[in-house]
Amino acid sequence: MTLSRSVLFLACAASLQAQAPAAKPSADALAHAKALLATTPLVDGHNDLPWAIRESKTAPLDVDAYDLRKTTPHQTDLARMKAGQLGGQFWSVYVPGEVKDSGYARIQLEQIDIARRIIQKYPERLVAASTAADMRAAFKAGKVGSMLGMEGGHAIENSLGALRTYYDMGARYMTLTHNVTLDWADAALDKPTHGGLTNFGKEVVREMNRLGMLVDLSHVSPGVMSNALDVAASPVIFSHSSAKALVDHPRNVPDSILKRLPKNGGVVMVTFVPGFDSPKVRAHSLERGQLSADLAKRLGKDTVAIAKELKGWDAAHPAPHASIADVANHLDYIKKTASADNIGIGSDFDGVDDELPDGLQSQADYPMLFAELIRRGWSDAELKKLAGENVLRALTKAEQVAKRLQKERPPSTKTIQEMDGKPRM
């Protein structure tokens, strides 16, 4: 697809799907939102605080130095957590797929260690959770039930034994890929190699179902999404993705997949990433990317000249902002295309490089989104499903399926060599 056609598509999508811009919520709508969130757990599917601590410019890897009892440089701290009425959190234990130094497992273990130490450090607000029932109990106790979510199946290094060990350490979902295609699964932002999941990739999904670990399809190709739904015995999730029909980004979920979610019981946890939510932000990014590619062809390795041209273009074309309305549009669309049972929230706080949507600047702002949806006519029942009931229902179902499967079959001992032949790595 060329740039001009991409921009045209995005403009048309915005014109067809956008609601009226979100106004400042009324006092009544905001009070309504806060009262509702006091009665039902708000569970966020994706927060990158452990990576933000690892990458801290002042004290990398130092959980004690990165003090959540004070205002932090990003979007997550105890005060804003409380103000936003967060009731449950999947903390992402992300590992870049591009790492080449000592293998993925070392970094994965360090990230799990950081996340666990975060949870242990703040007992007044956070508590470790292993089950959906634990999440609900934490909410009743006024705390944030905390689970770990692995972001990237490369961390299992083609080993089902490693997968089981990560589950035992607290991982309750795994995003099958990050941005790099694996030996057994294609990533959304990388060259497709397998046409979806390989035989071993399907075995990974089956073993996750046997464990009770949620299969997360954010970051994977549509082929992987489809194959996973073919194989999965439990509901899948998308821990931080939005609707592709509204913003044509490879990380978003196409209609063909959304329409299959009601049967599976899966949940798309809509993200706050501006480039996934706003047609204007996405179009601006595509245009700038095309300019950068054109300059590289024309100017070669003259990085000074390229930087000068881009600086001039940036001055003449200020980046647009996403808004609460953009995020709400995706929730409206997924509710309409799938159902109210297939929606959730996956902010990606502490992992967003771009300016966050206006009105959704931190954890303190969750009620603002709910107030906007109240303005649009969402019922309390729908809002409770969005907040956390859907993902907790999916997790409960995964736990029930796991109990059955563990009686039916032992842990899988399949290898990628046995199922797919010699892997690339």
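The numbers here are math on the coordinates, done by the rules we state, and not lab data. Not measured: the values here are computed from a predicted model. When we count neighbours, we look across all protein chains shown, and the Cβ atoms used for this are built from the backbone with ideal geometry, even at glycine.
Sparse packing (at most 15 other Cβ atoms within 10 Å of the Cβ) combined with a DSSP loop state is found for the following trypsin sites (Lys or Arg not before Pro) in region 91-131: Lys100. Convex hull volume per residue, computed on the Cα atoms of region 279-320, equals 50 Å³.
With a cut-off of 14 Å, note down the residues of region 192-219 whose backbone N falls inside the zone around a label point 7 Å from the Cα of Arg409 toward its beta carbon. In region 192-219, the label zone of Arg409 (backbone N under 14 Å from the point 7 Å along Cα→Cβ) covers 199-212. Once the Cα-Cα distance is subtracted from the 0.36 nm per residue extended length, the Lys336 to Leu189 segment shows a gain of 50.2 nm. If R0 is taken as 30 Å, the Cβ-Cβ distance between Asp314 and Asp62 corresponds to a FRET efficiency of 0.30.
Given axes a ≥ b ≥ c from the Cα gyration tensor, I'd like to know whether the chain is rounded (a/c under 1.5), prolate (a/b larger than b/c) or oblate. Since a/c stays below 1.5, the shape of the chain is classed as rounded. Around Asp350, under 12 Å between beta carbons, what's the net of Lys plus Arg minus Asp minus Glu among the other residues? That works out to -4. I'd like the antiparallel share, as a percent to the nearest 5, of DSSP beta bridges with both residues in the chain. Taking every DSSP beta bridge within the chain, about 5 percent pair in antiparallel fashion. Applying both filters, DSSP loop and at most 13 other Cβ atoms within 10 Å, to the GluC sites (Glu not before Pro) of region 111-162 gives Glu124.
For region 117-141, the residues whose backbone nitrogen is under 19 Å from a point 7 Å from the Cα of Ala79, taken along Cα to Cβ, are 122-126.
Counting only DSSP beta bridges with both residues in region 135-238, the antiparallel share comes to about 20 percent.
Between the alpha-carbon centres of region 183-246 and region 322-376 there is a gap of 23 Å.
Here each label is just a point 7 Å from Cα along the line to Cβ, and for Glu98 and Arg117 those points are 2.6 nm apart. Tally Lys/Arg at +1 and Asp/Glu at -1 over every other residue whose Cβ is under 10 Å from the Cβ of Asn252; what's the total? Once all neighbours under 10 Å are counted, the net charge is +1. Under the criterion of Cα pairs below 8 Å and six or more residues apart, the relative contact order for the chain equals 22 percent. Model label sites at Thr39 and Glu110, defined 7 Å from Cα along the beta-carbon direction, differ in position by 4.7 nm. Taking a sphere under 10 Å around the Cβ of His317 and counting the other residues whose Cβ falls inside, with K and R at +1 and D and E at -1, yields a net charge of -1. When the chain is treated as a GNM, springs tying every alpha-carbon pair under 10 Å, which of Val401, Val99, Val231 comes out with the largest mean-square fluctuation? Checking each option, the largest mean-square fluctuation is seen for Val99. Within 10 Å of each candidate Cβ there may be at most 13 other Cβ atoms; applying that plus a DSSP loop requirement, which trypsin sites (Lys or Arg not before Pro) in region 250-290 survive? Those satisfying the criteria are Lys259.
Amide H to amide H distances under 5 Å link Val267 with Val236, Ile237, Phe238, where only residues 5 or more positions off or on other chains count and H is placed in the peptide plane.
The label-point distance for Gln290 and Thr71, in a model that sets each label 7 Å from Cα toward Cβ, rounds to 4.1 nm.
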